[in-house]
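First the structure, in the form of C-alpha cells, and then the observations on it.
Only the coordinates and a few stated rules stand behind these numbers; no lab work does. Quick caveat, the model's predicted, so the values are computed rather than measured. Every residue, glycine among them, receives a Cβ derived from its backbone with ideal geometry; neighbour counts consider all protein chains shown.
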Amino acid sequence: MGGFFGVASHEDCVFDLFYGTDYHSHLGTRRAGLAVYDTNKGFDRAIHNIESSHFRPKFEGDIQKMAGHLGIGCISDFESQPLIIRSHLGTYAITSVGKINNADSIAEMLASKGHQHFLEMSGGGINPTELVASIMNQKDTIPEGLRYAQELISGSMTVLVMTAEGIYAARDRFGRTPVEIGRKENGYCVCFDSFSYLNLGYLPEKELGPGEIVFMTPDGWETKAKPFKEMKICTFLWIYYGFPAASYEGINVEEARYKCGRQLAIRDGKRGILPDTVAGVPDSGIAHAVGYSNQSGIPYSRPFVKYTPTWPRSFMPTHQTKRNLIARMKLIPIHALIEGKRLLLIDDSIVRGTQLRETTEYLFQSGAKEVHIRPACPPLLYSCPYLNFSRSNSERELITRRVIEKLEGTSVPSDNVLDTYANPDTEAYAAMLKCIREELNFTSLHYHRLDDMLEALDIDPCRLCTHCWNGKG
C-alpha cells in the first residue's frame with residue numbers, strides 16, 4: 001500500500017512532516033522518504049530502507065539538517081520516493097500511492113514521443129512515481145499533467161507534487177485511496193490518514209473527492225480540478241488497512257469494525273453457536289471481536305498477546321515462509337485462557353490460510369477444546385488489480401481458488417462459476433467452506449457475508465470497491 005503526508009507552513013515544517021509521515025508507518029514496510037523546500041536552500045531529500053528498522057530512527061539524523069516551509073513525506077512498500085524532478089514544468093518533488101497496470105504500454109508510448117529512458121528498480125520494473133512524473137511532463141501545467149495521468153493510468157494513483165510555491169494533491173480517479181486536508185494557525189497539511197495530524201494541532205478541513213486536484217499553500221488551498229461523481233473507495237480500508245483512529249468518507253475504522261463484529265454475532269446467534277470466549281487476532285481482528293462480544297454477551301478475552309517490542313510487523317520479510325514464522329513467534333499464548341475453552345476467533349481475512357491454520361493448531365496444542373473461526377470479510381476470490389495489497393500474490397495462492405480448483409477440476413473457473421462461489425446462499429459456497437474448514441482444522445467456519453458487511457459500513461455500496469470478494473470494482 002503506502003501512505004503520505006505533506007505540509008505547507010509559514011514556519012519550519014520539518015517537525016510536523018517527520019511525525020506526520022511516521023504516523024503512516026502501518027501502511028508500508030520497505031521504503032520511506034522526506035523532501036523539503038526552503039527558500040534559501042532549495043530542495044532537499046532523504047530516502048531510507050526501513051525493512052529492518054522503523055521510520056523514526058532512520059530519519060532522526062536527517063531532520064536535524066533539514067529545513068523548509070514546504071515538505072512531503074511517504075512510506076512505501078516498494079519504490080524509493082519522493083523523487084525530485086527537473087523539467088519544463090520546473091523543479092518539483094513527487095510521491096505517489098497506487099498501482100499502474102499498464103506501465104509498459106505507457107512507457108512505450110512515452111518512448112515513441114522521445115522519452116529516452118527510465119530508471120529501473122531492483123525488481124526490474126519502472127518506478128511508478130517516475131512514470132507518473134513522465135506522464136505529467138507531457139502537458140503544459142502540473143494540474144493538466146495530473147489530470148492526464150488520471151486518464152491514462154489503469155489501476156489507481158494518488159499523487160503529491162511539491163513545487164517552490166506549494167503542494168498539489170491529486171486523489172485517485174475513482175477515489176480508491178483517501179486524501180485529507182488539515183489546518184492550523186500557521187499552515188495546512190495533506191495526508192492519507194486523517195488521524196496523522198491530530199496530535200500535531202491540525203483540525204479537519206477537507207476530504208478530497210475522487211479525482212479532485214487541489215493546490216495547497218501556507219495560506220490555504222484551491223481546487224484546480226473538480227472531483228468526479230463516481231467513487232470506488234477500497235472497502236478493505238475499514239476491514240484491515242486502516243488504523244483504528246482513521247476515518248474515511250466520515251466513517252471511523254474502529255466503529256466500523258465494532259459494527260462488523262456485531263453483524264457476525266447476530267448471524268451466529270441464529271446458528272446457536274455459544275463459545276466460552278471470543279477473541280481477535282492482533283491487531284486488526286481485535287475491534288471486530290469487541291463488537292461481537294458486545295452484541296452476543298459472550299466474554300471477550302485475549303488468549304494470546306502479540307509481543308511487539310521486537311516483532312512489530314508480521315509482513316516485513318519478503319519470503320512467505322519467514323513471514324509465517326514471524327507471525328507465529330509474535331503470538332504468546334496465555335494457557336489459563338485457552339485450556340479447556342471453546343474459543344471463537346476473529347481475523348480480518350483469510351488469504352492463503354497458512355498463518356491462521358498454524359494459530360489454530362497452536363491453540364489446540366495449548367489445550368483449547370474448540371476453535372471457531374470468523375473472518376471479518378467475505379472469502380477473497382480475486383487478487384486486487386487496483387492497489388498494491390497483494391502484488392506478490394497470484395489468485396492461485398488464495399485458499400479459495402485452490403479449493404475451487406479442486407471442486408471444479410479447473411484452475412481457470414469462469415466468472416459465472418466464481419459468482420456461484422461468492423453467493424453465501426449456494427451449495428457451492430457451502431462446499432467451499434467445508435473444504436477450507438477441514439483443510440485448516442477449524443471447529444467451525446463462517447465468513448462475514450458481503451451484504452452484512454456493507455450494511456455495517458453504512459455507505460452507499462455503489463461507492464465501494466468490492467472486487468476482492470465478487471470481482472466488482
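With a ≥ b ≥ c taken as the square roots of the eigenvalues of the C-alpha gyration tensor of region 252-470, please select rounded if a/c is under 1.5 and otherwise prolate if a/b is larger than b/c or oblate if it is not? Rounded is the answer for region 252-470, as its axis ratio a/c remains below 1.5. If you bin all the Cα-Cα distances of the chain at 10 Å, starting from zero, the percentages per bin are 4, 20, 29, 25, 15, 6, 1, 0.
What angle, in degrees between 0 and 90 and rounded to the nearest 10, separates the Cα long axis of helix 399-408 from the longest principal axis of the Cα atoms of the chain? Approximately 60 degrees, to the nearest 10.
Rounded to the nearest 20 Debye, what is the dipole magnitude of region 3-231 about its Cα centre when Lys and Arg each give +1 and Asp and Glu each give -1 at the C-beta? The partial results should precede the final answer.
On the way: 21 positive and 29 negative charges, 55 e Å.
In total the dipole reaches around 260 debye.
Rounded to the nearest 0.05, the FRET efficiency derived from the C-beta distance between Asp140 and Lys58 at R0 = 35 Å is 0.40. In region 65-199, taking the dipole from charged Cβ atoms about the Cα centre, the farthest positive-side position among Pro128, Ser105, Leu70 is held by Leu70. Backbone geometry of region 237-254 corresponds, through the Karplus equation with coefficients 6.51, -1.76 and 1.60 at θ = phi - 60°, to 3J(HN,Hα) couplings of 4, 7, 7, 9, 4, x, 6, x, 7, 7, 10, 10, 6, x, 10, 6, 5, 4 Hz, x marking Gly and Pro. Local charge for Thr141 was computed over the other residues whose Cβ lies under 12 Å away, with Lys and Arg +1 and Asp and Glu -1, and equals +1.
Using the alpha-carbon positions of region 41-192, Rg (one decimal) and Dmax (whole number) come out as 15.7, 48 Å.
Tell me, what is the Rg over Rh of region 7-119, with Rh the Kirkwood radius over Cα pairs? Write down the numbers at each step before the final one.
Details: Rg = 15.5 Å, Rh = 15.3 Å.
Rg/Rh for region 7-119 comes to 1.02.
Kirkwood's formula applied to the C-alpha pairs of region 325-438 gives a hydrodynamic radius of 15.7 angstrom.
Based on Cβ point charges of +1 for Lys and Arg and -1 for Asp and Glu, what charge dipole magnitude is obtained for region 252-470 about its Cα centre, in debye rounded to the nearest 20? Don't skip to the answer; put the middle values down first.
On the way: 28 positive and 26 negative charges, 153 e Å.
Computed about the Cα centre, the dipole is about 740 debye.
Would you please give the residues with an amide H less than 5 Å from that of Lys224, counting only those at least 5 places away or on a separate chain, with H modeled from the backbone geometry? Counting only residues 5 or more places away or on other chains, the set is Ile213, Val214, Phe215. Toward the positive end of the charge dipole of the chain, with +1 on the Cβ of Lys and Arg and -1 on the Cβ of Asp and Glu, the farthest Cα among Ser80, Val214, Met162 is that of Ser80.
Residues with beta-carbon under 13 Å from that of Ser301, excluding Ser301: net charge, scoring Lys, Arg +1 and Asp, Glu -1? Intermediate results must be reported in sequence, preceding the final value.
Working: positive: Arg302, Lys341, Arg342; negative: Asp276, Glu339.
Computed value for this residue: +1.
With the charge dipole of the chain set up from +1 on Lys and Arg Cβ and -1 on Asp and Glu Cβ about the Cα centre, the Cα lying farthest toward the positive end among the listed residues Thr277, Cys468, Met231 is that of Thr277.
Taking the Cα centre of the chain as the origin, how large is its charge dipole in debye, to the nearest 20, when only Lys and Arg (+1) and Asp and Glu (-1) carry charge on their Cβ atoms?
Details: 51 positive and 56 negative charges, 210 e Å.
Taking the Cα centre of the chain as origin, the dipole is about 1000 debye.
In the chain, the calculated helix contribution to ellipticity at 222 nm averages -9500 deg cm²/dmol per residue, counting -39,500 (n - 2.57) for every DSSP H run with n ≥ 4. Coupling constants for region 147-162 follow from the phi torsions by the Karplus curve (6.51 cos²θ - 1.76 cosθ + 1.60, θ = phi - 60°), and in residue order they are 5, 5, 4, 4, 6, 7, 7, 9, x, 7, 6, 10, 9, 10, 10, 10 Hz; glycine and proline get x.
In the chain, the longest principal axis of the Cα atoms and the axis of helix 427-440 are about 90 degrees apart. Under the simplified labelling scheme, the His88-Asn49 pair shows an inter-label distance of 3.9 nm, with each label point 7 Å from Cα along Cα→Cβ. Near Leu445: Cβ cut-off under 14 Å, other residues only, Lys/Arg at +1 and Asp/Glu at -1. The net charge is +2.
If packing is taken as the average number of other Cβ atoms within 10 Å across a peptide's residues, how do 288-295, 455-462, 429-436, 207-214 rank, most packed first?
On the way: 288-295: 24.2, 455-462: 14.8, 429-436: 17.2, 207-214: 20.6.
Result, highest mean Cβ count within 10 Å first: 288-295, 207-214, 429-436, 455-462.
Pairs exceeding a 21 Å alpha-carbon distance, out of Lys139/Lys224; Lys229/Lys472; Lys99/Lys406: Lys99/Lys406. First check a/c for region 119-212, with a ≥ b ≥ c the square roots of the eigenvalues of its C-alpha gyration tensor; if it is under 1.5, answer rounded, and if not, answer prolate when a/b is larger than b/c or oblate otherwise. In terms of gyration-tensor shape, prolate.
For the chain, find the longest principal axis of its Cα atoms and tell me its angle to the long axis of helix 286-296, 0 to 90°, nearest 10. Tilt relative to the chain: about 40 degrees.
For Arg352, the amide hydrogen comes within under 5 Å of the amide hydrogens of Ile399, counting only partners 5 or more places away or on other chains and with H modelled in the peptide plane.
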